[in-house]
1. Would you mind finding the one in 420, 446, 414 that is over 30 Å from residue 541 (Cα atoms) and either of a type in the set (S, T, N, Q) or surrounded by fewer than 20 Cβ atoms within 10 Å (Cβ to Cβ) (or both)?
2. Given the conditions (1) among the aliphatic types (A, V, I, L, M); (2) in a loop (DSSP other than H, G, I, E, B); (3) exposed (fewer than 15 other Cβ atoms within 10 Å of the Cβ), report the number of the one that residue 549 does not fulfil.
3. Kindly list the number of the only condition in (1) closer than 17 Å to residue 180 by Cβ; (2) at pLDDT 85 or above; (3) not small (Gly, Ala, Ser) that fails for residue 256.
4. Out of everything in segment 78-94 that is at pLDDT below 85 and hydrophobic (A, V, I, L, M, F, W, C), what residue ends up being farthest from residue 132 (Cα to Cα)?
5. Return yes when residue 436 is over 22 Å from the mean Cα position of the chain (by Cα), modelled with pLDDT under 85 and surrounded by 15 or more Cβ atoms within 10 Å (Cβ to Cβ) and no when it is not.
6. Return the only residue of 555, 530 being touching a helix residue (DSSP H, G or I) at 6+ places or on another chain (Cβ under 9 Å), within 26 Å of residue 407 (Cβ to Cβ) and assigned by TED's automatic domain parsing to the domain that holds residue 478.
7. Does residue 106 meet the test of being among the small types (Gly, Ala, Ser), surrounded by 17 or more Cβ atoms within 10 Å (Cβ to Cβ) and either touching a residue at least 24 places away in the same chain (Cβ under 8 Å) or out of contact with any strand residue (DSSP E or B) (no Cβ under 8 Å at 6 or more places or on another chain) (or both)?
8. Could you list, in sequence order, all residues of segment 124-147 that are in a loop (DSSP other than H, G, I, E, B) and within 23 Å of residue 187 (Cβ to Cβ)?
Amino acid sequence: MRPRVGLAAVAGGALLALGGLAPASAADAAGAGASIDHAEVRQGGVRLLVSVPADGEVETSGVAVEVGGTAARATAVAATGNTDVRRTTVLAIDTSNSMRGERIAAAKQAATLFLDSAPADVAVGLVSFDDDVEVLVEPSRDRAALRRAVAGLTLTRDTALYDGVLGAVEASGDEGARSLLVLSDGKDTTDTPLSQVLKTLAEEDVSVDVVSLQQADAASQPLQLIAQAGGGRVMDADPASLSATFAGEADALRRQLAVDVTLPEGTEQQADVTVTVPVDGRPVIASAYLTVGSAEARAEPVEAPAAAGPVAAAGPRIDLPPSAVGVGVGAIGLGLLGIVAALFLVRPGASKDEKLRKQLEAYGVYGAPRVDQAAPGDQGLGAQARSVAEKALAGNEGLEARIAARLDAAGMSLKPAEWLLVHAGTTVLAAVLGMLLSRGNILVALVFLALGAVGGWLFLGLKKSRRLKAFSSGLADTLQLMSGSLSAGLSLAQSVDTIVKEGADPIAGEFRRVIVESRLGVPLEESLGGVAERMESKDFEWVVMAIRIQRQVGGNLAELLLQVAATLREREYLRRHVLALSAEGRLSAWILGALPPMFLLYLSLSNPDYVSVLYTTPIGYVLIGLMAVLLVVGFTWMMKVAKVDI
């Protein structure tokens, strides 16, 4: 089996994808460290194929292994000629027209050199890909047949790169240590998605090294992703250096070590395995998280073949256990959801006196309740959380007043402390949702956290806007109803009570508050002025002003309200007429503003490889930020142009 790619390999791949850095050369990669290329469970132990740096002498007698942090008995020999592990390598060569001339000649020479240099016990296969994928030679040790197939390579149009990789994986079989060496000088021209290739490589036990022949960083990015998914590396080359690159790959096979490990007692079925290899007197370490067998199979130690001479190889791969990010984040999300439910769904009951006191608090009869005056039975989780929120707001009266004003304008019955708890809970849940959707991406989680923090205030603003519009649109009918009540002989207070009984929210609710305040001793004109202030209605301010003047100097209030209602209807008619005339401009602003992000979302779902550079490279982040700023400026400008104040 091929061990999963660990932290170092993932970090390296991420740097390549994000920064657009050139991949390491073969020599650099070879000298970077050791890697565990294959693991095969045996009776009582496991056999490893380990690559070590290409330069330097290896002391096989000094190889040390730790399994799950415990030292294990191990013996090491050269893999070539001393192991029964089947080693298979498939050469996948690009034969599209872009390879014509010196490129295909250099590719043939490099492949021939690979066949001459690779160990005789390694089975080699040959796959070509252009507009079609063809398995020219199944993996075998018949070097003569392979040389004839290499010499007969011909070119044609198109580049079925992704299909070629998939065909090479299939041709490599399903036994032993399998590896691919892919050579390409162009991007894929077929409809096969790159995601299918990456998924196959992640599931299969195949390592992949890719030779990128004279390609720019952007063009070779899919090759980097393929190599990363296969636990290998990308090597940049030109026709002159191609033979040396292929010879280095053959030398890496020839210099592999076979390490037989006897598992310590109590070893789990899966464990971290660390191999330390002395190279020129310095330790070189390879680590991976491997399946090493069941706890029951601990019979006899694995007998190692006869010792061999010094060996060496290349390529770091450090592994971690399977990621538990999704499970952990999901558990956190469910826990937070349970806390929010406990805060606002499980509340202790309140007595009638307590309910009356809370109702009177809304009209200013009592001051804000002290934290230490809570009811004795109100000691549940929700009460404790609200108590903490009230203490936090007690030190910032300005914030509490602003929250209360916004809740009042939005027509919500929550108290500032309760709103603070709800807002904090939804913000954290938004961040958890972002981590779940992005599988642990911190950047996405921060974006969702910001959206959750802003979303609560936007929700209050939207509720307030709708409530104010509903009040303004129903004001003319309300004044006409008041005028009719006054003409019928009712007092102003009785006409307000008529609105409460026959009107609709939010007007009925606001006038109900006027009635309650007047019964508590607040002058009727002041209560009506409070409605105008809360509803931010200039029109109703004029109505209140007219009522105050009429009460001071006298006059026909019913006729006055009727005239004001007629004026408001005319203004409402004009406002709607202007909205109809400016509808095209506002609709254009919404369409043009939504088109870029929606099209980006469509491309991300339908062809993620095409737009992945926008969120995998620094220049992509800059472009997205610039586009977002320009989009917001353009949308705001168009909305301002289309807006007409009445």
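The values are calculated or read from the model by the stated rules, or taken from the named source; none is laboratory data. From a predicted model like this one, the values you see are computed outputs, not experimental measurements. Here the Cβ is made from the backbone with ideal geometry for all residues, glycine too, and neighbour counts use every protein chain on show.
1. 446
2. So residue 549 meets the others, but not (2).
3. Condition not satisfied by residue 256: (2).
4. Here the answer is 78.
5. no
6. Of the residues listed, the single one that is touching a helix residue (DSSP H, G or I) at 6+ places or on another chain (Cβ under 9 Å), within 26 Å of residue 407 (Cβ to Cβ) and assigned by TED's automatic domain parsing to the domain that holds residue 478 is 530.
7. So residue 106 passes the test.
8. Matches in segment 124-147: 130, 131, 132.
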